[in-house]
Amino acid sequence: MNCWEMLGALIAWETFDPKLSAEHFLTVAAYNLQHPAQFTDEVMVGLREAVVDYLDHGVSPHFLRQRAARAYEGKRRVLKPEAERHPVLRAWPLTIASVYLPDQPEGAAERVRLWGEAIRRTFNA
């Protein structure tokens with residue numbers, strides 16, 4: 001499976017796992033931080049700040065979604081034009097492949113948290 005397919009499978013598991021569902025924000029944020037090609041630099045800075053607020057300060061996903069909606073309402077663009085989207089290769093300590101373990105949904109929420117925290121640590125590296 002490629003990264004996108006693993007993300008879809010992981011999100012599908014959320015239906016049956018309330019702990020994993022509670023980490024949906026972090027799942028999507030971690031994935032997008034590791035796959036930034038389609039988003040503007042401004043959006044990526046905001047997403048990094050949101051992950052820090054979530055992990056370090058316990059800010060709720062609901063508040064973070066409201067903040068993003070206000071920041072990017074109207075005609076503000078969050079996506080780069082397709083011609084400007086280029087893969088950004090970087091070594092990461094953990095990836096979606098570390099979290100989505102086929103036929104092993106048990107512990108996925110904890111793996112998402114570890115994934116997000118590993119990404120968070122790279123912000124200062």
### Loop sites in segment 1-96: GluC sites (Glu not before Pro), DSSP, at most 13 other Cβ within 10 Å
Glu73
### Query
To the nearest 10 degrees, how steeply does helix 61-71 sit against the main Cα axis of the chain, on a 0 to 90 scale?
20 degrees
### Task
Enter the angle in degrees (range 0 to 90, nearest 10) between the Cα long axis of helix 24-34 and the first principal axis of the Cα atoms of the chain, meaning the one along which they spread out most.
60 degrees
### Task
Can you tell me the 0 to 90 degree angle between the C-alpha axis of helix 41-57 and the longest principal axis of the chain, rounded to 10?
50 degrees
### Query
Check Phe39: other-chain or 5+ apart residues with amide H under 5 Å from its amide H, H built from backbone geometry?
Lys80
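Please go through segment 68-115 and write out the trypsin sites (Lys or Arg not before Pro) that DSSP classes as loop and that have at most 12 other C-beta atoms within 10 Å.
Lys75, Arg76, Arg77, Arg90
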### Message
With loop defined by DSSP as not H, G, I, E or B, and exposure as at most 16 other Cβ atoms within 10 Å, which is the longest segment of the chain clear of exposed chymotrypsin sites (Phe, Trp or Tyr not before Pro)?
### Response
1-71
## Note on the structure
With the chain reduced to its Cα atoms and the Debye formula applied, log10 I(q)/I(0) at q = 0.10, 0.11, 0.21, 0.23 1/Å amounts to -0.31, -0.38, -1.34, -1.48
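Using alpha-carbon pairs under 8 Å, 6+ residues apart, how would you state the relative contact order of segment 3-122 in percent? Could the numbers behind the result be given before it?
Numbers: 96 pairs, mean separation 47.6, N = 120.
Relative CO of segment 3-122 lands at 40 percent.
FYI, it's all coordinate maths here, none of it is from the lab. Owing to the predicted nature of the structure, the values given are computational and were not obtained by experimental measurement. Virtual Cβ from ideal backbone geometry, glycine too; neighbours counted across all protein chains shown.
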